[in-house]
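K.L.:
This is the structure I want to talk about, given as structure tokens.
Values quoted throughout were computed directly from the atomic coordinates according to the rules given, and no laboratory measurement underlies them. Since we're looking at a predicted model, the values are computed, not measured. Don't worry about glycine lacking a Cβ; one is built from the backbone with ideal geometry, like all the others, and counts go over all protein chains shown.
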Amino acid sequence: MRGKAMKRICFELESRSINLGNMSALEFFARKGDWQTIAYANKVKTLEAWEINPEFKLSLMKNLPGATVRIGDSFELARDPSAKEMFDMIVFDNPQGTFGKNEQYCEHFEAIETVSALAKKQAIVIFNVNYRPFNFNNLLLWQKRRTQFYKKKDTGYLSIDFLLSFYEDYFSRKDFRKEFCFVVNRNEEYLSYLVYSLIRI
Ligand SMILES: C[S@@+](CC[C@H](N)C(=O)[O-])C[C@H]1O[C@@H](n2cnc3c(N)ncnc32)[C@H](O)[C@@H]1O
């Protein structure tokens with residue numbers, strides 16, 4: 001079912017008394033918005049959908065009526081002063097592997113750096129973690145980037161315990177305290193969403 005994992009996230013957040021109806025949300029990698037974004041679009045107060053590929057603009061407007069659709073490079077949009085500390089909820093449904101000009105980006109590794117600029121004092125941050133990359137043995141650049149980011153030689157399998165502790169430490173180095181976090185599987189093979197409630201300290 002499309003958007004099942006995101007529906008689960010909304011349920012988990014609401015059961016922790018998080019009021020999505022007060023939230024300004026950002027989908028950082030929006031595509032057409034019909035895979036995951038659509039599952040929470042009607043629940044939040046405002047939604048921005050950022051996407052680099054102009055071919056998706058009309059589908060985004062159709063799938064996410066009421067959202068502000070911005071076509072552009074999200075990394076540049078994130079540097080715009082008008083986006084500074086604007087969002088209570090940020091979703092990084094990142095591409096897998098390396099991507100962008102000269103493969104400059106990998107998974108969410110650079111994208112979550114923008115949380116410091118984009119998040120309000122308190123924010124929910126949601127991103128994909130790939131704990132067991134598929135076809136990884138042949139992809140040397142992806143391996144190298146994961147080794148650099150996770151500071152671990154073999155990243156072919158990362159336990160959820162390792163990942164939760166890694167990202168808690170990551171956000172604390174960015175001056176965010178974790179209020180709570182949880183994991184929602186997107187499939188049974190390799191992909192999960194990590195959800196962090198963060199407070200800027
Ligand atoms: C996994 S898809 C997102 C799916 C979407 N969240 C949904 O629910 O349907 C990743 C998207 O990121 C976009 N993308 C890749 N690099 C980007 C960038 N630098 N800025 C904005 N979007 C980018 C791709 O074009 C692709 O549409």
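K.L.:
Longer than 32 Å from Cα to Cα, which of Lys57/Lys178; Lys4/Lys84; Lys4/Lys120 are they? Say none if no pair is.
P.N.:
With Cα atoms farther than 32 Å apart: Lys57/Lys178.
K.L.:
Something else now. Straight-line reach from Lys45: which aspartates and glutamates have Cα under 14 Å away, leaving out those fewer than 8 places along the same chain?
P.N.:
Glu27, Asp88
K.L.:
Return the percentage of antiparallel bridges among DSSP beta bridges fully within segment 1-127, rounded to the nearest 5 %.
P.N.:
10
K.L.:
If you don't mind, there's one more thing I want to ask. Limiting things to C-alpha atoms, what are the Rg and the maximum Cα-Cα separation (Dmax) for segment 1-95, in angstroms?
P.N.:
When restricted to Cα atoms, segment 1-95 yields Rg and Dmax of 12.8, 38 Å.
K.L.:
Right, here's the next one. Which ³J(HN,Hα) values in Hz, rounded to whole numbers, follow from the phi angles of segment 193-201 under the Karplus curve 6.51 cos²θ - 1.76 cosθ + 1.60, where θ = phi - 60° and Gly and Pro get x?
P.N.:
My calculation for segment 193-201 gives 8, 9, 10, 10, 9, 10, 10, 6, 10 Hz in order.
K.L.:
Beyond 32 Å, what percent of the Cα pairs of the chain remain?
P.N.:
Tail fraction, whole percent: 11.
K.L.:
Report, in whole Å, the centroid distance computed from the Cα atoms of segment 67-94 and segment 110-167.
P.N.:
So the separation of the two Cα centres works out to 20 Å.
K.L.:
Going highest first, how would you order 95-105, 128-138 by mean Cβ packing within 10 Å?
P.N.:
Ranked from most to least packed, the peptides come out as 128-138, 95-105.
K.L.:
Checking the cross-link filter: which lysines have an alpha carbon closer than 24 Å to that of Lys144, excluding same-chain neighbours under 8 positions apart?
P.N.:
Leaving aside lysines fewer than 8 places away in the same chain, those within reach of Lys144 are Lys101, Lys152, Lys153, Lys174.
K.L.:
Next question. Grab the Cα-Cα distance for Phe180 and Glu110, subtract it from 0.36 nm times how many residues apart they are, and report the gain in nm with one decimal.
P.N.:
22.9 nm
K.L.:
Here's another thing I want to ask about it. So what J values fall out for segment 58-64 if you push phi through Karplus, 6.51 cos²θ - 1.76 cosθ + 1.60 with θ = phi - 60°, rounded to Hz, Gly and Pro as x?
P.N.:
5, 5, 4, 5, 6, 6, 10
K.L.:
Please list, or write none, the aspartates and glutamates whose alpha carbon is within less than 18 Å of the alpha carbon of Lys32, excluding same-chain residues fewer than 8 places away.
P.N.:
Correct list for Lys32: Glu48, Glu51, Glu55, Asp73, Asp93.
K.L.:
Under a point-charge model restricted to the Cβ atoms of Lys and Arg (+1) and Asp and Glu (-1), what is the dipole moment magnitude of segment 125-173 relative to its Cα centre, in debye to the nearest 20?
P.N.:
For segment 125-173, the charge dipole is close to 260 debye.
K.L.:
Given only helices, namely DSSP H runs of n ≥ 4 each adding -39500 (n - 2.57), what is the per-residue ellipticity at 222 nm of the chain, to the nearest 500 deg cm²/dmol?
P.N.:
That comes out to -7000 deg cm²/dmol.
K.L.:
Which FRET efficiency value, to the nearest 0.05, is calculated for Ser165 and Asp80 with the Förster distance at 35 angstrom and r the Cβ-Cβ distance?
P.N.:
E(calc), rounded to 0.05, equals 0.60.
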